[in-house]
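We did not get these values from a lab; they are worked out from the coordinates using the rules stated. The structure presented is a predicted model; accordingly, all values stated were derived computationally and were not measured. Every residue, glycine among them, receives a Cβ derived from its backbone with ideal geometry; neighbour counts consider all protein chains shown.
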Amino acid sequence: MATPSQRRTKGVTIVRPIVYGNVANPLPPRKTQETDHTHKWTVSVRGVNGEDISYYIKKVVFKLHETYQNPLRTVEQPPFEITETGWGEFELAIKLHFIPESNEKPVPLYHNLRLHPYEEDGTILSANKNKPVSSFQYDELASVFTDPT
Ligand SMILES: O=C(Nc1ccc(C(=O)N2CC(c3nccs3)C2)s1)[C@@H]1CCCN1
């Protein structure tokens, strides 16, 4: 956390790494018959190494695909995550709202939800390639605060 003098020093840039992404696991066969949903997934915004980000993030708004009920999901306390089930992959919009809200504009992020482990070249891995079935995709983003108040 910036010291009071840093917080008022012009030109000071505070970098806070943020990790966002999703995990996904296949649903048991009996479940998929009911809704055609094949996976359960969780999209999350977290601090690196579990760092508490709630002292500077007021809330996180997740915008799911329009076919989901109530596609705009607001999370106002950690863990900043949404768990849903589904059958496909799509782009989620995420917006980070900061404390104090008036000084930092909300930061938009975009995350392509993944349901399967992928090879580097994009080919889908079959489970027997010793890759965990739950796919992890984290794009690390350093959120930069310049000229903080
Ligand atoms: O998959 C894709 N788009 C998707 C949008 C929404 C998806 C989904 O999983 N769900 C909607 C939700 C509901 N189903 C029924 C009632 S709510 C479960 S998937 C694209 C198209 C091909 C490649 N990627």
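Computed quantities for the displayed model
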{"item": "Estimated distance in nm for a label pair at residue 10 and residue 66, the labels positioned 7 Å out from Cα along Cα-to-Cβ", "result": "4.6 nm"}
{"item": "Cβ-Cβ FRET estimate between residue 55 and residue 87, R0 fixed at 35 Å, reported to 0.05", "result": "0.40"}
{"item": "Sorted by Cβ density within 10 Å, fewest first, the residues 55, 20", "result": "55, 20"}
{"item": "Cross-link pairs beyond the 22 Å C-alpha cut-off, checked among 10/58; 31/95; 40/63; 63/105; 31/59; 40/105", "result": "10/58; 31/95; 31/59; 40/105"}
